[in-house]
Amino acid sequence: MSNPVLVEVRRGNLVESRHRGMVIAVDAGGRQVFALGDVGSAVFPRSACKAMQALPLVESGAADAYGFGAKALALACSSHSGEPEHVALAAEMLAAASRDVRALECGAHWSSDQATLIQQVRALEKPNALYNNCSGKHAGFICACCHSGTEPAGYVGYDHPIQREIRGVMADLTGAVLGRDNCGIDGCSIPTYAVPIKGLAHGFARMATGVGLGATRARASKRLIDACMVEPFYVAGTRRACTRLMKTAPGRIFAKTGAEGVFCAAIPEKGIGIALKCEDGSTRAAEAMVAATLARFFADEPEVHAALMAQANRPLRNWNGMHVGEVRLSAAFAA
């Protein structure tokens, strides 16, 4: 099945780029309520599934033992921008388990926020692993290990106990069979698994509602989703799409991006989970797709609907601030 063109980028009066993709929304029972494209195919969710990967931190009791509040839990689910608040909190999480930056196995890179990057370059010879967008997630892994008495060294490996536990969590939530055959290595060095996109959406619908989950997992899921919605800055950062989407309807929308054009989202009050992928990996198009999909479920709230659609269909401006084009949903998506 060929995926339809869902987003177009226009320059002047002409279409400059076209982005194909697939998107699905399901309820907590797994019933499909909206879909476009080949939603039976499997995708690597990459960072979009970090809330699932953070469940052992809460379920093990580590989050409570170390006194983690909503900000720390949101950071454990984050792909943060490496801003000062993110870096400081990741360090605090490690310190709670008597560890420091040397325990991180995610690698290092500069901040993705331009203003922060400039300050970092002025102050640092090079960044350390705390600046990695995944440092909060990795700090969560280390804390879960330390609390349970598991040696954290090598925690990124396929056979490490924390990765085996995460594999089981994701299989339970998505219904997918996960193993070496559908495993890749993520940018931060942990295993990532290709999951049918419908299963991914269903997993987030279940996390958002607790339907079909055991009591412990349901409570932990709600706690993580709520933390992200309460502290959206710690999920992403300044001017980031995840943060902006969650601020559009505070406490009502969960949204998390992943690399290569993936996005997951949930609307807890409506019991809806969403997963999508822009086929060519474009983040710009994926952001438009998730905003428009969310907007479908707020059609009876004009202000929220309009705010989300403004993020789906938006102007392009050049460095002089001139309006030069638009990112717009295609006719297929609008229909």
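Which one of these does residue 50 not meet: (1) of a type outside the set (S, T, N, Q); (2) in contact (Cβ under 8 Å) with a residue 60 or more places away in the chain; (3) surrounded by 24 or more Cβ atoms within 10 Å (Cβ to Cβ); (4) farther than 21 Å from residue 243 by Cβ?
Only one criterion is unmet by residue 50, namely (4).
Residue check, residue 211 against (1) open to solvent by less than 10 Å² (accessible area, probe 1.4 Å); (2) in contact with an Asp or Glu (Cβ under 9 Å, 6 or more places away or on another chain); (3) of a type in the set (A, V, I, L, M), all met but one. Which one?
Every condition holds for residue 211 apart from (1).
Any chance segment 186-208 includes a residue that's more than 19 Å from the chain's Cα centre (by Cα) and open to solvent by less than 20 Å² (accessible area, probe 1.4 Å)?
There is no residue in segment 186-208 that is more than 19 Å from the chain's Cα centre (by Cα) and open to solvent by less than 20 Å² (accessible area, probe 1.4 Å).
Are there helices (runs of 4 or more DSSP H) fully within segment 257-335 with at least 2 residues that are open to solvent by less than 10 Å² (accessible area, probe 1.4 Å) and within 19 Å of residue 244 (Cα to Cα)? List them.
Answer list for segment 257-335: 283-296, 302-312.
In segment 226-256, which residue that is over 18 Å from residue 291 (Cα atoms) and part of a helix (DSSP H, G or I) is most open to solvent (accessible area, probe 1.4 Å)?
Among them, the one singled out is 230.
So is residue 61 over 19 Å from residue 258 (Cα atoms), out of contact with any helix residue (DSSP H, G or I) (no Cβ under 6 Å at 6 or more places or on another chain) and open to solvent by less than 40 Å² (accessible area, probe 1.4 Å) or not?
Considered against the rule, which asks whether it is over 19 Å from residue 258 (Cα atoms), out of contact with any helix residue (DSSP H, G or I) (no Cβ under 6 Å at 6 or more places or on another chain) and open to solvent by less than 40 Å² (accessible area, probe 1.4 Å), residue 61 comes out as yes.
Among (1) within 30 Å of residue 333 (Cα to Cα); (2) of a type outside the set (S, T, N, Q); (3) surrounded by fewer than 16 Cβ atoms within 10 Å (Cβ to Cβ); (4) at pLDDT below 95, which single condition is residue 30 missing?
Condition (3) is where residue 30 drops out.
Can you tell me which residue is farthest from the chain's Cα centre (by Cα) among those in segment 105-156 that are over 16 Å from residue 82 (Cα atoms) and of a type in the set (Phe, Trp, Tyr)?
Within segment 105-156, the match that is farthest from the chain's Cα centre (by Cα) is 155.
Considering 60, 78, which residue is under 29 Å from residue 298 (Cβ atoms) and hydroxyl-bearing (Ser, Thr, Tyr)?
78
With the requirement that a residue be under 20 Å from the mean Cα position of the chain (by Cα) and either part of a helix (DSSP H, G or I) or closer than 12 Å to residue 103 by Cβ (or both), what does segment 157-181 give you?
162, 163, 165, 166, 167, 168, 169, 170, 171, 172, 173, 174
Please give the number of the condition residue 90 fails out of (1) within 20 Å of the chain's Cα centre (by Cα); (2) free of Cβ contacts under 8 Å to residues at least 60 places away in the same chain; (3) surrounded by fewer than 24 Cβ atoms within 10 Å (Cβ to Cβ).
Among (1) within 20 Å of the chain's Cα centre (by Cα); (2) free of Cβ contacts under 8 Å to residues at least 60 places away in the same chain; (3) surrounded by fewer than 24 Cβ atoms within 10 Å (Cβ to Cβ), the lone unmet condition for residue 90 is (3).
The values are calculated or read from the model by the stated rules, or taken from the named source; none is laboratory data. Only a predicted model underlies this, so the values are computations on that prediction, with no experimental measurement involved. Note: ideal-geometry Cβ built from the backbone for every residue, glycine included; neighbour counts use all protein chains shown. Side chains are part of the model used for accessible areas, which takes the heavy atoms of the whole protein and leaves out ligands, DNA and RNA. Shrake-Rupley method; radii C 1.70, N 1.55, O 1.52, S 1.80 Å.
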